[in-house]
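In what follows, a structure is listed as structure tokens, so that the remarks can point back to it.
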Amino acid sequence: MTDTRNADLTFGATDYVMYLAPVNTAAPTGFTDPTTDWTCLGWITTDGGTFKIDESTKDITAAGSLEPIRTLMTSSTKTLQATFLEGLNPAVRALYDNVPVASLKPDTTSGVATYAFPDKPNDLRYAFIADTIDGDKRMRFYMPNGKITDRGDEQPQTADVMGVQMTLTFFKGASSSAAVTRTIDYGSVDVSGFFPAGGGGS
């Protein structure tokens, strides 16, 4: 087989941007910029976002076999973890504190916003976009129905800005749309060799 290694097919995130919108907001077409329905979550650490798929299975055993006779897929959870650097970004703050974004609107006279943390956690859902950029190559995740399921410690400090670390978990959207959709722009890289005219390749 011919050596087809291509360094241009490597991908390093030179930029990473996330947005949120009301749950089940439709995704922008292709890589068009999000509309005014979407709010930017600001600067993110150079680690970018850590996307993870966690799958759980259960083996079924039976008499007469030393190996499982069947394996059931019991769950498949998709999450994304990121550390946001704009600790006073109203959208970021609202996600972490688990309050509606409107709670962060400052008083028109004092410029101050005051709100109580919920005694019982709110089940606040949003749509999310995560854009990763490497030159003219891009990837976009679209998640129509997500929520914050884990929060890092909050630590205002002198030596660094206060990072806001959160883990988002994604669920199916309206009309059972996929929990996560990925869109890829290969840029100027020619990948036609992976898709022969006869429909081969896997």
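The values are calculated or read from the model by the stated rules, or taken from the named source; none is laboratory data. Only a predicted model underlies this, so the values are computations on that prediction, with no experimental measurement involved. Here Cβ is always computed from backbone atoms with ideal geometry, including for glycine, and neighbour counts include all displayed protein chains.
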*asked:* Among the residues of region 180-200, are any in contact (Cβ under 8 Å) with a residue 40 or more places away in the chain, farther than 14 Å from Met18 by Cβ and charged (D, E, K, R)?
replied: yes
*Lone qualifier among Val99, Val17 - being within 26 Å of Ser188 (Cβ to Cβ) and modelled with pLDDT of 95 or more*: Val17
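Condition check ((1) part of a loop (DSSP other than H, G, I, E, B); (2) surrounded by 15 or more Cβ atoms within 10 Å (Cβ to Cβ); (3) modelled with pLDDT under 95; (4) under 18 Å from the mean Cα position of the chain (by Cα)) across all residues:
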residue: Ala27; (1), (2), (3), (4): yes, yes, yes, yes
residue: Gly30; (1), (2), (3), (4): yes, no, yes, yes
residue: Thr36; (1), (2), (3), (4): yes, no, yes, no
residue: Asp47; (1), (2), (3), (4): no, no, yes, yes
residue: Glu55; (1), (2), (3), (4): no, no, yes, yes
residue: Ser76; (1), (2), (3), (4): no, no, yes, yes
_Considering only region 164-177, I want to know if a residue exists there that is free of Cβ contacts under 8 Å to residues at least 24 places away in the same chain and touching a Phe, Trp or Tyr at 6+ places or on another chain (Cβ under 8 Å)._
no
_Taking the conditions exactly as written (without any contact (Cβ under 8 Å) to a residue 24 or more places away in the chain, of a type outside the set (S, T, N, Q) and closer than 27 Å to Glu86 by Cα), does Asp153 satisfy them or not?_
yes
*Return yes or no: is Gly42 in contact (Cβ under 8 Å) with a residue 24 or more places away in the chain, surrounded by 11 or more Cβ atoms within 10 Å (Cβ to Cβ) and on the phi > 0 side of the Ramachandran plot?*
yes
*Go through the residues of region 100-118 one by one and say whether even a single one is surrounded by 12 or more Cβ atoms within 10 Å (Cβ to Cβ), within 16 Å of the chain's Cα centre (by Cα) and touching a residue at least 60 places away in the same chain (Cβ under 8 Å).*
no
*Return yes or no: is Arg138 buried (at least 18 other Cβ atoms within 10 Å of the Cβ) and out of contact with any helix residue (DSSP H, G or I) (no Cβ under 6 Å at 6 or more places or on another chain)?*
yes
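Those residues that are of a type outside the set (A, V, I, L, M, F, W, C) and over 13 Å from the mean Cα position of the chain (by Cα), I need them from region 166-182; list them, please.
Matches in region 166-182: Lys172, Gly173, Ser175, Ser176, Ser177.
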*Failed item in (1) assigned to a strand (DSSP E or B); (2) free of Cβ contacts under 8 Å to residues at least 60 places away in the same chain; (3) β-branched (Val, Ile, Thr), with Thr158 passing the rest*: (1)
*Here is a list of conditions, (1) part of a helix (DSSP H, G or I); (2) at negative phi, and Thr149 meets all of them except one; can you say which number that is?*
(1)
*Yes or no: Thr83 within 17 Å of the chain's Cα centre (by Cα), among the polar types (S, T, N, Q) and either assigned to a loop (DSSP other than H, G, I, E, B) or under 30 Å from Gly187 (Cβ atoms) (or both)?*
yes
*Can you name the residue in region 144-202 that is closer than 22 Å to Asn89 by Cα and among the basic types (Lys, Arg) and, of all such residues, is surrounded by the most Cβ atoms within 10 Å (Cβ to Cβ)?*
Lys147
